[in-house]
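This report concerns only the one structure given below.
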Ligand SMILES: [Ca+2]
Ligand SMILES: [Ca+2]
Ligand SMILES: [Zn+2]
């Protein structure tokens, strides 16, 4: 069994606490592969501290490569067009709905507020929006249909409703301030705010409802006790899509799979699922075991959050334009073979939880079991993660079958509970 390079951080309560010893911060910034891009540097409030720390640093490359990288570099996922097509929007943090329509209700003592987004796949409800206003005793919350009810209002009263894209766990922001919008609500009416698919309003609401829906799904599946800080999504990010120092950066809010992939990095980080490998990666190539695991797990999270487990052709839509759609139930044969490829890591994890039978895969374990097995483990590779699965819930034969089918390499071998893999597996 390989030694985890992160054993010494086992008790670190938070990956990037402001109170970290300088040496710990220093090691992160000194890792060339982990060095944030200029855009990330500008955004990071930790940067000055890190720079000061780096001045007194002297780590060997080998030492540096053993350390966690807090920065992901996902230019392959974004594609060139996704990065260059956005410029900083001129409206600040105030969003303008694409349409607002009010209709009279049959009853005069209540009002409905509905927020939706039109997409080519249908109408998407915007869930979990917090509606505030002077006429309200308590804030209202939009439900799974994007609707909130103002009940028992005094007939003919009216108020200015305000919505901020922020709750206890999430923020969607231009920089540090959350986006907001306001509109008038009259008692006795139904007001519907509609977003276009890729307008500024539509992109901001897309990020919000993707993240909030995934948060709710996590809450009902594995709980949220690891979610210890407000997770901010910065959009629009000209520097492309990446996760850096606890913050998610998004170039296109309407690209659901990339948004959820970047959120996946944050969940992986907070849940201490595995190591981060730094540097560039191309989805169809092989690289370091840690990079393949962190990228593969992030896409697996995106798939779990948004794709039907019974889908016979589970795939992403926008991710990696040069290869889109990225098919994860059936991986193309030309993708680099073996467990150091992120696409195959995603497909392997997906086969463990999906309900569609393909080839030798009949495994239908829950997301929860994989989560419990990996949570806090900071696994260094998919091989190390698979060992955890074997130890906690799945027989070796089943793992071997799914492994072989997805990585196209020989199955895992166990000898007296010690994992033995071909050299390139770690
Ligand atoms: Ca499959
Ligand atoms: Ca399966
Ligand atoms: Zn990534």
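A few points about this structure:
- Ranked by the mean number of other Cβ atoms within 10 Å per residue, highest first, peptides 110-116, 364-370, 239-245 order as 239-245, 110-116, 364-370.
- Just so you know, the averaged projected area of the alpha carbon convex hull for the range 262-349 sits at 5.4 nm².
- Label-to-label distance, residue 309 versus residue 396, with points set 7 angstrom from Cα along the beta-carbon direction: 2.7 nm.
- Available extension along the chain between residue 157 and residue 229 is 22.1 nm, counting 0.36 nm per residue and deducting the alpha carbon span.
- Fully extending the segment from residue 404 to residue 102 would add 103.0 nm, taking 0.36 nm per residue of separation and subtracting the current Cα-Cα distance.
- The length gained by stretching the chain between residue 375 and residue 322 to full extension, at 0.36 nm per residue less their Cα-Cα distance, is 15.8 nm.
- Spatial separation of Cα centroids for the range 246-265 and the range 92-154, in angstrom: 25 Å
- In this rough spin-label picture, where each label sits 7 Å from Cα along the Cβ direction, the residue 360-residue 184 distance is 6.8 nm.
- Normalised by 2.2 N^0.38 Å, where N counts its residues, the alpha-carbon radius of gyration of the range 236-425 equals 0.96.
Computed from the coordinates by the stated procedures, all read-outs in this text should not be read as laboratory data. Keep in mind the model is a prediction, meaning the values are calculated, not measured. Here the Cβ is made from the backbone with ideal geometry for all residues, glycine too, and neighbour counts use every protein chain on show.
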